[in-house]
1. Restrict the check to region 15-24 and report whether at least one residue is part of a loop (DSSP other than H, G, I, E, B) and modelled with pLDDT under 95.
2. Could you please find all residues in region 80-101 being part of a helix (DSSP H, G or I) and free of Cβ contacts under 8 Å to residues at least 24 places away in the same chain?
3. With the requirement that a residue be surrounded by fewer than 16 Cβ atoms within 10 Å (Cβ to Cβ) and either basic (Lys, Arg) or in contact with a helix residue (DSSP H, G or I) (Cβ under 6 Å, 6 or more places away or on another chain) (or both), what does region 79-95 give you?
4. Any idea which residue in region 31-45 is modelled with the lowest pLDDT, counting only those that are surrounded by 19 or more Cβ atoms within 10 Å (Cβ to Cβ) and either assigned to a loop (DSSP other than H, G, I, E, B) or among the aliphatic types (A, V, I, L, M) (or both)?
5. Being part of a loop (DSSP other than H, G, I, E, B) and either surrounded by 11 or more Cβ atoms within 10 Å (Cβ to Cβ) or without any contact (Cβ under 8 Å) to a residue 40 or more places away in the chain (or both) is the filter here; which residues of region 102-125 pass it?
Amino acid sequence: MENTKPISSTSTGDPPVASAVTGVKIFNRLADVWGLDAADRHCLLGFETPDPELGLSSEAQFRLSHLLNIFQILQTLLPDREAADSWIKLPNNAPIFGGRSALELMRSGRMEDLESLHAYLDGVM
């Protein structure tokens with residue numbers, strides 16, 4: 001008999017609720033570091049109040065993945081933690097931003113903007 005995981009488990013084998021709780025905790029820590037208010041958290045993650053009991057949608061998981069990668073890249077590019085953490089709020093003249101900050105770009109709530117920012121930072125590395 002073939003050994004298969006239930007559809008509801010994650011790639012780590014954790015139940016979806018455990019993974020969602022972890023994801024929400026990580027997101028909240030990142031949002032605290034970046035000084036995001038409730039409205040910004042809603043825009044970036046794509047919903048107002050994450051309920052770990054319901055699990056995270058695949059879109060929320062993709063958003064979280066992009067946000068964590070953005071955070072990690074900034075920590076690598078800007079070893080001064082304060083500079084890395086405040087970068088998303090500073091105006092930027094790179095074409096992707098058009099004088100806006102990364103946070104302003106991400107506030108659109110569009111997945112494409114998270115993807116574009118992630119790709120831009122990947123290219124800078």
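1. Yes, there is a match, as at least one residue in region 15-24 is part of a loop (DSSP other than H, G, I, E, B) and modelled with pLDDT under 95.
2. Those that are part of a helix (DSSP H, G or I) and free of Cβ contacts under 8 Å to residues at least 24 places away in the same chain: ARG81, GLU82, ALA83, ALA84, SER86, TRP87.
3. Those that are surrounded by fewer than 16 Cβ atoms within 10 Å (Cβ to Cβ) and either basic (Lys, Arg) or in contact with a helix residue (DSSP H, G or I) (Cβ under 6 Å, 6 or more places away or on another chain) (or both): ARG81, LYS89.
4. Checked region 31-45; the qualifying residue modelled with the lowest pLDDT is LEU45.
5. Within region 102-125, ARG107, SER108, GLY109, ARG110 meet the criteria.
The values are calculated or read from the model by the stated rules, or taken from the named source; none is laboratory data. Bear in mind that the values here come from a model prediction, so they are computed numbers and not experimental data. FYI the Cβ positions are ideal-geometry reconstructions off the backbone, even for glycines, and counts take in every protein chain you see.
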